[in-house]
Amino acid sequence: MGILNTLFGGATATSAQIAEAITKAEAELATVRSKIKAAMAGLATFTDEQHIAAEAKQAELKRAEARLVARITDLSADLATVKAAEAAAERAAEEAAFDARFKAARAAVNTDALKHLREYQKAATAVAAALAALESISSEVEDVNAELRKRGRHDETLPSYSKLHRKAPDRPESVRKERCKVWVLTDPYNGAETIRKATIGPDGEVVPIGQPDPFDRQGWRQGTYHLEEREIVVEKVSFRPGTYLPSLSEIVLPPALLGQDFIWPRPKKA
């Protein structure tokens, strides 16, 4: 790789740098070959001195061509070698990185996992104690409510802890009324009324309704309508139950290690 030492001053050349040097040499080669062709242009009118000078110039250019061809050949060979070395180095680096990952995973599963399983066992045991206490409260509330029903004290029924602490409030049904100006359209045949809230203009006055029919394109053209002040429903809100959090009764806490009892639900005693 003597040419690389010459071109790159002894520094290690990358495949990208070598490829760039080849591209540059190929461009120079194309320029030299165009000059070789042009050296003898106008040969028919050359004097003897011009002919000798042209041949000398052409010979000089051909020597340059030969050097460039040799440079491209050597660089191409070195490029293949360097690419192979780079690929091998990349594979070695990838293998080393994976080996480090493998060792870390092995250490984690052999040591760290056991540590975390013990932490889980401790935390899950505390959770199981809380679940057992909640279960006991639920059972007592059910028994108390049953006794309240027997005693006829239905209005004192206790809510469950889920309803009291783990549920959003219900949205009750409601109706909002407002006293305002309305148009009343009366069916001349059966006396049925259609009521629409009147529009109040910027001046505070009621905006007149259109003719001949105030409400419907194919409405009661023979009907009569007039302006009144009435209390009407302006908003209705339907009932919507509050959202519950997921039930705690579905929680299952398996043991941390094989051979241990389930943490929750607790095993039934024989």
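The values are calculated or read from the model by the stated rules, or taken from the named source; none is laboratory data. All of these numbers come straight from a predicted model, not from anything done at the bench. Note that we place each Cβ from the backbone using ideal geometry, even for glycine, and neighbour counts take in every protein chain shown. Just so you know, the surface numbers come from the protein's heavy atoms only, side chains and all, with ligands and any DNA or RNA stripped out. Shrake-Rupley method; radii C 1.70, N 1.55, O 1.52, S 1.80 Å.
Working carefully through the options 39, 80, find the one that is over 16 Å from residue 21 (Cβ atoms) and either surrounded by 13 or more Cβ atoms within 10 Å (Cβ to Cβ) or among the small types (Gly, Ala, Ser) (or both). Spell out the reasoning first.
Values: 80 fails: over 16 Å from residue 21 (Cβ atoms).
After applying the criteria, what remains is 39.
Do the conditions hold for residue 11, that is, is it part of a helix (DSSP H, G or I) and either exposed (fewer than 10 other Cβ atoms within 10 Å of the Cβ) or small (Gly, Ala, Ser) (or both)?
Details: part of a helix (DSSP H, G or I): no; either exposed (fewer than 10 other Cβ atoms within 10 Å of the Cβ) or small (Gly, Ala, Ser) (or both): yes.
Here the answer is no, as residue 11 does not meet what is asked.
Give the residue, chosen from 91, 71, 67, that is open to solvent by 60 Å² or more (accessible area, probe 1.4 Å), assigned to a helix (DSSP H, G or I), among the charged types (D, E, K, R) and modelled with pLDDT of 95 or more.
Values: 71 fails: modelled with pLDDT of 95 or more; 67 fails: modelled with pLDDT of 95 or more.
Within the list 91, 71, 67, the selection yields 91.
Which members of the range 43-64 meet the condition of being closer than 19 Å to residue 31 by Cβ, touching a helix residue (DSSP H, G or I) at 6+ places or on another chain (Cβ under 8 Å) and either open to solvent by 60 Å² or more (accessible area, probe 1.4 Å) or of a type in the set (Phe, Trp, Tyr) (or both)?
Answer for the range 43-64, where residues must be closer than 19 Å to residue 31 by Cβ, touching a helix residue (DSSP H, G or I) at 6+ places or on another chain (Cβ under 8 Å) and either open to solvent by 60 Å² or more (accessible area, probe 1.4 Å) or of a type in the set (Phe, Trp, Tyr) (or both): 57, 62.
Restricting attention to the range 106-115, does a residue exist that is closer than 30 Å to residue 239 by Cα, open to solvent by 90 Å² or more (accessible area, probe 1.4 Å) and in a helix (DSSP H, G or I)? I'd like the intermediate steps shown before the answer.
Here is the first cut: in the range 106-115, the residues closer than 30 Å to residue 239 by Cα are none.
Among the residues of the range 106-115, not one is closer than 30 Å to residue 239 by Cα, open to solvent by 90 Å² or more (accessible area, probe 1.4 Å) and in a helix (DSSP H, G or I), which makes the answer no.
Can you say whether residue 103 is out of contact with any strand residue (DSSP E or B) (no Cβ under 8 Å at 6 or more places or on another chain), part of a helix (DSSP H, G or I) and not assigned by the TED database to the domain that holds residue 31, as far as the supplied structure shows?
yes
Of the residues 76, 139, which single one is polar (S, T, N, Q) and either in contact with a Cys (Cβ under 8 Å, 6 or more places away or on another chain) or under 28 Å from residue 248 (Cβ atoms) (or both)?
139
Please count how many residues of the range 152-176 are open to solvent by 80 Å² or more (accessible area, probe 1.4 Å), closer than 23 Å to residue 133 by Cα and among the basic types (Lys, Arg).
Qualifying residue count for the region: 1.
Here is a list of conditions, (1) free of Cβ contacts under 8 Å to residues at least 60 places away in the same chain; (2) open to solvent by 100 Å² or more (accessible area, probe 1.4 Å), and residue 195 meets all of them except one; can you say which number that is?
Evaluating residue 195 over (1) free of Cβ contacts under 8 Å to residues at least 60 places away in the same chain; (2) open to solvent by 100 Å² or more (accessible area, probe 1.4 Å) leaves (2) as the failure.
Which one is surrounded by the fewest Cβ atoms within 10 Å (Cβ to Cβ), of the residues in the range 239-251 that are touching a strand residue (DSSP E or B) at 6+ places or on another chain (Cβ under 7 Å) and hydrophobic (A, V, I, L, M, F, W, C)?
239
Could you please give the count of residues in the range 173-231 that are modelled with pLDDT under 75 and among the polar types (S, T, N, Q)?
The qualifying residues number 4.
Between a residue in the range 39-61 that is in the same structural domain as residue 29 (by the TED database) and any residue that is open to solvent by less than 60 Å² (accessible area, probe 1.4 Å) and not hydrophobic (A, V, I, L, M, F, W, C), which pairs come within a Cβ distance under 7 Å, given they are 6 or more apart or on different chains?
39/58; 40/58
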